[in-house]
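S.K.: My questions all concern the structure below.
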Amino acid sequence: MSLPCSRRTVIAGLLASGVGLASGRMEPVRASSEPLRFGLTPVVPDDRITFLAGWADWIETQCGRPVEFVQRSRYREILDLLLQGRIDLAWICGYPYIRNRSHLGLIAVPRFQGRPLYQSYFIVGADSEIERLHDLEGRLFAWADPDSNSGYLYPRFRLSSDGRDPDRFFRRTFFAWGHPRCVEAVAEGLADGAAVDSYVWETLALSHPTLITQTRVLERSPEFGFPPIVAGPSLSERERQLIRRVLLSQVQDPAGRSLLNELNLDSFGLEAPDLYDDIARMAGRLTEGSGA
């Protein structure tokens, strides 16, 4: 089942930040017509063609280089394309970033509600009798993606910290392959609970309030670094700096700011890689606990 769509439904991380503001049209990132290949995960609905075309046009106008969005159904597929140099940059979760940051360059971090942070929300059905996390024991639970922090790593860490085995706690689990699909699964009664990206849930609350009112937040995680925009090995340092400057200027441009508003994001900023150290520590503790 797919979500009904409006432009505000697009759950995409954006590029930006940089070493300075863009002033006017920039020189091309490459002296060719080769497109800038930008990977998007399944948090962006497949039918947002009109919005993505508008955003691509805006970036191209600023840097003089065509933009090609590449969408795949799983986080791993986008990460593999990025590491192989088949795409230039991508919006990915902080979890795969910390596991591959020696090969990736941090380009920018979107700002949501004024900060480069988000949370994991444990959600259940609005009419569910479940009142606390441990009430989900023996129930059906939807994971978002095995490479998701908020939809897989954190909920497993949370249960493990309470002395619960995340592989045995639930009666059965399945991957919904995307946070919007996790919300749908809970709203439709296909899962008793799920853990989802707070940005996705809050943005759907604006664009699809009827869907969101069929769920409720059971528990909120601590805050983590917002899923970043990263560059792969195919993008040179000069190209990275130019892309940062273009996207940092987006909030100051009327058309660019309109695109940000549609995405329920404020702007983009430069952040240090240590913004994601909490995610790295969780991953390390889970690995130690499993004896791997």
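The values are calculated or read from the model by the stated rules, or taken from the named source; none is laboratory data. Keep in mind that this is a model prediction, so the values were computed, not measured. Glycine gets a Cβ as well: all are built from the backbone with ideal geometry, and neighbour counts include every protein chain shown. Please note that ligands, DNA and RNA were not included when accessible areas were found on the heavy atoms of the full protein model with its side chains. Shrake-Rupley method; radii C 1.70, N 1.55, O 1.52, S 1.80 Å.
S.K.: For the list (1) assigned to a strand (DSSP E or B); (2) touching a helix residue (DSSP H, G or I) at 6+ places or on another chain (Cβ under 9 Å); (3) of a type in the set (Val, Ile, Thr), I need the number of the one condition that residue 173 fails.
M.R.: Failing condition for residue 173: (2).
S.K.: Of all residues in segment 211-236, which are farther than 30 Å from residue 189 by Cα and free of Cβ contacts under 8 Å to residues at least 40 places away in the same chain?
M.R.: 236 - this is the single residue of segment 211-236 that is farther than 30 Å from residue 189 by Cα and free of Cβ contacts under 8 Å to residues at least 40 places away in the same chain.
S.K.: While we're looking at this one, here's another question. Which residue out of 106, 82 is within 17 Å of the chain's Cα centre (by Cα), part of a strand (DSSP E or B) and in contact (Cβ under 8 Å) with a residue 24 or more places away in the chain?
M.R.: 106
S.K.: Sticking with this one: Any residue at all in segment 232-244 that is in contact with a helix residue (DSSP H, G or I) (Cβ under 8 Å, 6 or more places away or on another chain), surrounded by 15 or more Cβ atoms within 10 Å (Cβ to Cβ) and small (Gly, Ala, Ser)?
M.R.: There is at least one residue in segment 232-244 that is in contact with a helix residue (DSSP H, G or I) (Cβ under 8 Å, 6 or more places away or on another chain), surrounded by 15 or more Cβ atoms within 10 Å (Cβ to Cβ) and small (Gly, Ala, Ser).
S.K.: Let me ask you something else. I want to confirm something. Restricting to segment 271-284 and keeping residues that are among the aliphatic types (A, V, I, L, M) and more than 17 Å from the chain's Cα centre (by Cα), which single residue is nearest to residue 54 (Cα to Cα)?
M.R.: 272
Condition check ((1) touching a strand residue (DSSP E or B) at 6+ places or on another chain (Cβ under 8 Å); (2) of a type in the set (Ser, Thr, Tyr); (3) open to solvent by less than 50 Å² (accessible area, probe 1.4 Å)) across all residues:
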| position | (1), (2), (3) |
| --- | --- |
| 248 | yes, no, yes |
| 253 | no, no, yes |
| 266 | yes, no, no |
| 274 | no, no, no |
| 283 | no, no, yes |
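S.K.: Shifting gears a bit: Hey, among 110, 116, 96, which residue is buried (at least 16 other Cβ atoms within 10 Å of the Cβ) and out of contact with any helix residue (DSSP H, G or I) (no Cβ under 8 Å at 6 or more places or on another chain)?
M.R.: From the options 110, 116, 96, the qualifying one is 110.
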